[in-house]
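Please read the structure below before turning to the comments.
The values are calculated or read from the model by the stated rules, or taken from the named source; none is laboratory data. In this text the structure is predicted, and so the values were computed from the model without any measurement. A quick note on method: Cβ atoms are made from the backbone with ideal geometry, for glycine too, and the neighbour counts reach across all protein chains shown.
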Amino acid sequence: MKKLSKAYFHPSAAYTIKPKQVAGYITLDKRPEVGDVVFGEIIRVGQHGTLENVSGRIHSTHIGSKALFVFGNRYAPDYYEAFIPESMPQQCDLLARSGLIGFVKTKNALIKDPTRIKVLGYGVDGQGNVINTRRFPLINPKETAKKKNRAKLVLVVGTAMNAGKSMAAGACVWSLASMGHGVRGSKLTGTASLQDILRMNDAGAEYYNDFTHLGYPSTYMLSEEEVLDVFNKIDLKFANNSKNFWVVEFADGILQRETAMLLAHPDVKSRIHRLIFAAQDAFGVVGGIRVLKEKYDLVPDAISGVCSSSPLHIRELKEFTDIPVFNSAAPDLNELSRILV
C-alpha cells in the first residue's frame with residue numbers, strides 16, 4: 001500500500017467518503033465497478049480544468065494535480081457519453097468536474113477532448129479493501145413503507161440538459177419557502193454536481209440531497225430497481241411530513257433512460273402534486289407536452305426553464321397551450337403560489 005500525497009483534491013463524486021477512510025492506494029487487477037474510488041494524477045488538461053470538492057468549492061487544476069476519482073457512467077448530450085472500462089486502465093477520462101471518470105464513447109463536437117487522468121491505483125481502507133462510495137450511504141431511512149399522506153412532490157423535468165430545470169426548481173423552492181412552507185430539495189438522476197443542490201439550499205430548502213448521498217456518482221445505466229430505490233429512499237427519509245413540500249429535479253430530458261423509467265413508474269406518478277416542464281424554446285415545449293401525454297399520460301401544471309425568460313417564446317406558446325408559464329429567472333411569488341399550492 002502506498003500513502004496518498006499530502007496535497008490532493010477530494011471531489012464531490014466521492015461525497016460519502018471521509019478522508020480518514022482512505023488509508024492509501026494499491027495497484028490491483030480488478031474490474032472497475034460503479035462507485036470504485038481511485039487515486040490519480042492529471043496528465044492533460046482538457047475540457048474540465050477544475051474539480052468540485054465535497055464542500056462545493058471549485059479548485060483550479062494543473063498537470064500533476066492529484067485527486068481521488070470515482071468510476072461511473074455519464075450521459076450528457078452537451079458533453080460526453082461515457083462508460084466504466086472493462087478492466088483497470090492505466091489512463092482514463094475525466095467526465096465531469098465532480099471527479100467522475102471512465103472512457104468517453106462519444107462527445108459533443110463543440111467541446112474539447114476530456115481531461116486525461118493517470119490512474120495510480122485503487123483507494124483502499126486500512127485493511128486493504130477497495131473503497132466504493134456505495135458502501136457508505138448517508139441516507140438510511142428507518143421506515144420501509146410510505147405513509148399515505150406525504151410531503152407534496154413538485155417534480156421538475158425538461159427537454160434536455162441545460163433546459164433550465166435547476167433554475168425552475170430553485171424558483172419553486174424559493175417561492176414555497178417564502179410562503180412559509182417547509183421545503184426539501186432533491187436531484188434524483190444525473191451526474192454528481194454539488195452546485196445543483198446547493199442552489200436549492202440557497203433558495204430556502206431546509207434539507208437538500210441527491211443520489212450521491214446514497215453513494216452513486218451518477219445514475220446513468222443503473223437498473224430500474226436501483227433508480228427507483230434512490231427515489232424511494234429519499235422519499236422515505238425526507239418527504240414523510242404532509243405539511244412540507246418536496247421539490248425534485250430529474251436530470252436530462254424526458255426521453256433519457258433513467259428519467260423515462262421513473263416517469264413511467266406508478267410509484268412516482270402517484271406521488272406528483274405538481275409537474276413543471278422546462279424547455280429552452282417554445283417549440284421544445286410544444287413537443288414536450290405531446291411526449292408527456294402520449295408516452296407517460298402526464299400533463300404539466302406549469303411551463304418554465306430558459307424559454308420562460310423570453311416574452312417572444314411565451315407569446316409563441318400561447319398559440320398552442322393555455323398551461324401557465326412562470327419566469328424562473330424572475331419568479332413572481334403570487335403567480336407561483338397559485339401554481340404550486
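Annotations for the structure displayed:
- Members of the range 36-72 found to be within 21 Å of the chain's Cα centre (by Cα), closer than 10 Å to Phe9 by Cα and not in a strand (DSSP E or B), listed by number: Val54
- When every residue of the range 27-41 is checked against the conditions, at least one turns out to be on the phi > 0 side of the Ramachandran plot, modelled with pLDDT of 95 or more and not hydrophobic (A, V, I, L, M, F, W, C).
- Residues in the range 100-149 that are of a type in the set (A, V, I, L, M, F, W, C), more than 19 Å from Asp78 (Cβ to Cβ) and either without any contact (Cβ under 8 Å) to a residue 60 or more places away in the chain or surrounded by 15 or more Cβ atoms within 10 Å (Cβ to Cβ) (or both): Ile117, Val119, Leu120, Val124, Val130, Ile131, Phe136, Ile139, Ala145.
- Condition met for Lys112 (assigned to a strand (DSSP E or B) and of a type in the set (Lys, Arg)): no
- Any hit, the range 9-25, residues being outside any loop (DSSP other than H, G, I, E, B), of a type in the set (S, T, N, Q) and over 25 Å from the mean Cα position of the chain (by Cα): no
- Filter result (assigned to a loop (DSSP other than H, G, I, E, B) and either among the polar types (S, T, N, Q) or outside the structural domain of Val37 (by TED's automatic domain parsing) (or both)) within the range 73-107: Asn73, Ser87, Gln90, Ser98
- So Tyr25, is it more than 30 Å from Ala160 (Cβ to Cβ) and surrounded by 14 or more Cβ atoms within 10 Å (Cβ to Cβ): yes
- Single match in Ser186, Ser193 (criterion: within 20 Å of Leu298 (Cβ to Cβ), surrounded by 22 or more Cβ atoms within 10 Å (Cβ to Cβ) and in contact with a strand residue (DSSP E or B) (Cβ under 8 Å, 6 or more places away or on another chain)): Ser186
- Among the residues of the range 115-162, the ones that are of a type outside the set (A, V, I, L, M, F, W, C) and either part of a strand (DSSP E or B) or under 30 Å from Arg338 (Cα atoms) (or both) come to 15 in all.
- Hits in the range 241-290 - residues which are touching a Lys or Arg at 6+ places or on another chain (Cβ under 6 Å) and buried (at least 17 other Cβ atoms within 10 Å of the Cβ): Phe245, Trp246, Glu249, Ala278
- Flag if Glu81 is under 16 Å from the mean Cα position of the chain (by Cα) and surrounded by fewer than 19 Cβ atoms within 10 Å (Cβ to Cβ): yes
- Members of the range 268-300 that are part of a helix (DSSP H, G or I) and in contact with a strand residue (DSSP E or B) (Cβ under 9 Å, 6 or more places away or on another chain): Val268, Gly284, Val285, Gly288, Ile289, Leu292
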